[in-house]
Amino acid sequence: MRRAFNTTGPCVPGEHYMLPPEDRCPGLDDLIEGKHFFVLHAARQTGKTTLMQSVARRLNAAGRHHAIYCSIESAQGLDEPERGIPAIVAAVESALRAQARLEAAIPAQRTAFNVMLKTFLQDLCRAADRPVVVFFDEADCLAEGTLISFLRQLRDGYVSRADIPFVHALALVGMRNIRDYKARVRE
């Protein structure tokens, strides 16, 4: 197959001409190793998805982490957390099924929507044999109650992780900064 230039979605090594994506965002390894939760935001078609997929592949190949790339774009328009949070959990579960070595760690039970994501990630981290890193792509598509519940559950897991198993590092990836997330749910 001949390589081609790509401007329509994530670049695939071997299929598309591309520069090493991680060279454009130094410091990511420090954020991951430092157990940070962070936001990666940039304009459309700047390589955010390609970068996160590349980092996830590299982390998984190194064998020190379980890295999960998960687009949550399917939850767009689900403003009520009763519908939005289960959609996010389903997206994470789908991403896990794509990684055969983590499929067995998928938690079976579901809880109330207001703790569903946090509990799902806790159970996943408890079952995993390595620290879990999650990249939530298209995170800025969430709105209203779903966005608030999503952020609150991640924060609750983050501040409690000294006592409970939770995600080692996490990125919210999209076009907006975290301040813009707040602006979407508050006047």
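So the values come out like this:
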item	result
Residue check for Leu51: assigned to a helix (DSSP H, G or I), surrounded by 14 or more Cβ atoms within 10 Å (Cβ to Cβ), at pLDDT 75 or above and touching a strand residue (DSSP E or B) at 6+ places or on another chain (Cβ under 6 Å)	no
Val159 being at pLDDT 85 or above and surrounded by 17 or more Cβ atoms within 10 Å (Cβ to Cβ)	no
Within segment 119-140, tally of residues that are touching a Phe, Trp or Tyr at 6+ places or on another chain (Cβ under 8 Å) and free of Cβ contacts under 8 Å to residues at least 24 places away in the same chain	0
Some residue of segment 100-118 being more than 25 Å from Arg58 (Cα to Cα), of a type in the set (Val, Ile, Thr), assigned to a helix (DSSP H, G or I) and touching a residue at least 24 places away in the same chain (Cβ under 8 Å)	yes
Given (1) closer than 29 Å to Arg152 by Cβ; (2) among the aliphatic types (A, V, I, L, M); (3) modelled with pLDDT of 90 or more; (4) open to solvent by 50 Å² or more (accessible area, probe 1.4 Å), index of the condition Ala43 fails	(3)
Every pair of residues 6+ apart whose Cβ atoms lie under 8 Å, when the first sits in segment 48-75 and is without any contact (Cβ under 8 Å) to a residue 24 or more places away in the chain while the second is part of a helix (DSSP H, G or I) and open to solvent by less than 50 Å² (accessible area, probe 1.4 Å)	Ser74/Ala87; Ser74/Ala91
Enumeration of residues in segment 40-61 that are more than 13 Å from the chain's Cα centre (by Cα) and within 20 Å of Leu124 (Cα to Cα)	Arg57, Leu59, Asn60, Ala61
Residue within segment 88-110 that is farther than 24 Å from Ala127 by Cα and not hydrophobic (A, V, I, L, M, F, W, C) present	no
Complete set of residues in segment 26-82 that are touching a Pro at 6+ places or on another chain (Cβ under 9 Å), more than 30 Å from Asn114 (Cβ to Cβ) and β-branched (Val, Ile, Thr)	Thr50, Val55
Flag if Val133 is at pLDDT below 95 and either on the phi > 0 side of the Ramachandran plot or not aromatic (Phe, Trp, Tyr) (or both)	no
Selected residue (criterion: modelled with the lowest pLDDT) from residues of segment 97-119 that are open to solvent by 30 Å² or more (accessible area, probe 1.4 Å) and aliphatic (A, V, I, L, M)	Ala100
Which numbered condition Cys141 fails, given (1) at pLDDT below 95; (2) within 15 Å of the chain's Cα centre (by Cα); (3) open to solvent by 30 Å² or more (accessible area, probe 1.4 Å)	(3)
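The values are calculated or read from the model by the stated rules, or taken from the named source; none is laboratory data. Quick caveat, the model's predicted, so the values are computed rather than measured. A quick note on method: Cβ atoms are made from the backbone with ideal geometry, for glycine too, and the neighbour counts reach across all protein chains shown. Surface accessibility is based on the protein's heavy atoms, side chains included, excluding ligands, DNA and RNA. Shrake-Rupley method; radii C 1.70, N 1.55, O 1.52, S 1.80 Å.
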